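First the structure, in the form of structure tokens, and then the observations on it.
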Amino acid sequence: MAKKAIAATLDGAVMTAEGLSYKGVILEPIVEQCEGCERVIPFEDAKYCPAYAQPARKWAHGVCNFATHVRAGVDKEGKVKVNPLKASKRAARGR
Ligand code: SF4
């Protein structure tokens with residue numbers, strides 16, 4: 001099965017005084033929770049996310065819905081839990 005490609009380049013991105021400019025949007029560096037996500041792309045000495053320009057804001061409201069490494073779940077008490085995705089599950093989905 002063909003592997004599903006995730007946009008994996010920041011071609012055309014330019015570092016500006018405000019931050020990394022990509023397709024007219026200023027990208028902010030990823031946050032700690034993003035570590036392990038397949039969408040993370042290193043650029044110069046920082047890492048960025050082409051899927052979401054402001055990763056910190058994305059995570060401020062719970063688990064990032066674009067993340068490839070974790071998934072939100074709800075435990076018995078109704079609290080949202082972050083579950084790391086098992087590699088085997090990822091492979092089964094063709095990622
Ligand atoms: S998709 Fe979400 S978790 Fe992954 S790098 Fe972007 S903001 Fe972070």
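Can you tell me which residues in region 18-42 are touching a strand residue (DSSP E or B) at 6+ places or on another chain (Cβ under 6 Å) and under 20 Å from ALA67 (Cα atoms)?
LEU27, PRO29, ILE30, VAL40, ILE41
GLY73 passes every criterion in (1) more than 7 Å from the ligand (Cβ to nearest atom); (2) open to solvent by 80 Å² or more (accessible area, probe 1.4 Å); (3) within 25 Å of ARG93 (Cβ to Cβ) apart from (2).
Each residue in region 24-70 was checked for being near the ligand (Cβ under 9 Å from one of its atoms), under 17 Å from GLY12 (Cα atoms) and without any contact (Cβ under 8 Å) to a residue 24 or more places away in the chain, and 4 of them qualify.
The values are calculated or read from the model by the stated rules, or taken from the named source; none is laboratory data. All values reported here derive from a predicted model rather than from experimental measurement. Every residue, glycine as well, gets a Cβ built from its backbone with ideal geometry; the counts of neighbours run over all protein chains shown. All accessible areas refer to the heavy atoms of the entire protein, side chains included, with ligands and DNA or RNA removed. Shrake-Rupley method; radii C 1.70, N 1.55, O 1.52, S 1.80 Å.
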